[in-house]
Structures are given as structure tokens and as C-alpha cells.
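Below you'll find the structure, written out as C-alpha cells, and then a few comments.
Each reported figure results from applying straightforward, stated rules to the coordinates on display, with no laboratory input. From a predicted model like this one, the values you see are computed outputs, not experimental measurements. Counting neighbours? That spans all protein chains shown, and the Cβs are built from the backbone with ideal geometry, glycine included.
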Amino acid sequence: MRLRAIEPGDRDALERALRSDGTFRQDEIVVALELIDSAIKSDVDYVVIVAVDDPDAVLGYICYGRTPMTRATIDLYWIVVDAAARGRGVAVALVSAMEAAALAEAQARGELAIGVRVETSPADGHGAARRLYDKLGYPIASELADFYAPGESLITY
């Protein structure tokens with residue numbers, strides 16, 4: 001597995017990854033694809049890193065960017081691993097790459113540390129993401145009841 005910047009030819013494979021197991025609702029997929037399309041055009045202030053196997057078979061991706069009006073905080077917008085590629089360390093590799101790049105950028109600005117903010121849901125489909133954040137030591141910072149829908153809160157790490 002290797003990591004690289006998003007390329008125009010990745011779009012269809014990234015959409016397949018988004019749809020690979022029913023984790024994401026259609027409205028979520030629409031938003032994710034809008035970010036992917038903008039990143040391909042390179043007119044964005046966020047980063048998309050793609051995990052690929054040889055020969056460029058897309059395994060998943062991460063999308064993140066600096067949090068506006070903060071000195072050293074980034075938002076992890078999306079992390080998606082195709083269902084067929086799960087359990088191979090793809091998500092951990094993507095998050096590690098994000099953290100390393102964000103830390104390097106913060107240090108270049110004279111900051112000593114970074115913060116990463118992640119928002120997710122307690123819905124069953126997001127269980128793998130919550131287990132990933134727990135495994136990586138991301139603490140839950142807050143939970144806002146009925147955020148996404150009645151009975152579905154917003155969990156912030």
C-alpha cells in the first residue's frame with residue numbers, strides 16, 4: 001500500500017468506496033463527492049490523500065483541512081476505506097499521514113502541537129470509525145443529542 005495525492009482518475013473508485021457497504025447515506029455521499037470533485041480541480045483549502053495498492057487500485061481516502069480561525073487545529077472531514085480493504089491498516093495509515101503532515105505544517109508556522117477534531121455519529125454504520133478513533137487514543141470531547149436526527153447524536157473527538 002502507498003499513499004498519494006488525489007488524481008482525476010480516482011473519482012469513480014472513491015465513489016465505489018463510499019458506496020461499498022451502506023455506511024453512508026445518499027446525502028452524505030453527495031457531499032463527499034462534492035469535496036472530491038473540488039479537490040480534483042485543486043481549488044480547495046483542504047487535503048485529500050488516497051491509499052492505493054499496486055497498480056493504483058484505490059483502497060480508501062482521507063479528507064482534512066485546517067480549522068478556520070484556529071492556530072493549530074485541523075478537521076478530519078472524511079475517512080473512507082472500501083469494505084473489501086478493511087482490516088489491512090488502511091485507515092490507520094491514512095490518519096497517521098494526516099497527523100504527520102499537519103504536525104509538520106504546524107511546526108513550520110512555529111506551533112508546537114496540533115489538535116484534530118473529528119465528528120461522527122453513534123449510528124451502527126459508524127462503529128468502525130469510532131473504534132478507529134478509540135484505538136488511536138482520540139478522546140471523546142462532547143456529545144450533542146439529537147444532532148443528526150432524533151435519537152442520533154453528534155460525537156466529537
Calculate, in nm to one decimal, what Val31 and Arg88 gain on full extension: separation in residues at 0.36 nm each, minus their alpha carbon distance. 17.9 nm
Could you give the length gained by full extension between Arg16 and Ala104, i.e. 0.36 nm per residue of separation minus their alpha carbon distance, to one decimal place? 28.5 nm
Please compute the modelled spin-label separation between Thr67 and Arg4, points set 7 Å along Cα→Cβ, answer in nm with one decimal. 3.3 nm
Using only the alpha-carbon atoms of the chain, report the extent along each of the three principal axes, biggest first, to the nearest angstrom. 42, 39, 29
Would region 1-52 count as rounded, prolate or oblate if I go by the C-alpha gyration tensor, calling it rounded below 1.5 in a/c and otherwise prolate when a/b exceeds b/c, oblate otherwise? oblate
When N is the residue count of region 30-74, what does its C-alpha Rg come to as a fraction of 2.2 N^0.38 Å? 1.34
Please arrange Ile74, Ile29 by how many other C-beta atoms lie within 10 Å of their C-beta, fewest to most. Ile29, Ile74
If the only charges are +1 at each Lys and Arg Cβ and -1 at each Asp and Glu Cβ, what is the size of the charge dipole of the chain around the Cα centre, to the nearest 20 debye? 440 debye
For region 66-157, just say rounded, prolate or oblate: build the C-alpha gyration tensor, square-root its eigenvalues into a ≥ b ≥ c, call rounded for a/c under 1.5, and beyond that prolate if a/b exceeds b/c, oblate if not. oblate
Report the trypsin sites (Lys or Arg not before Pro) located in region 53-86 that are in a DSSP loop and have at most 13 other Cβ atoms inside 10 Å of their Cβ, or state none. Arg71
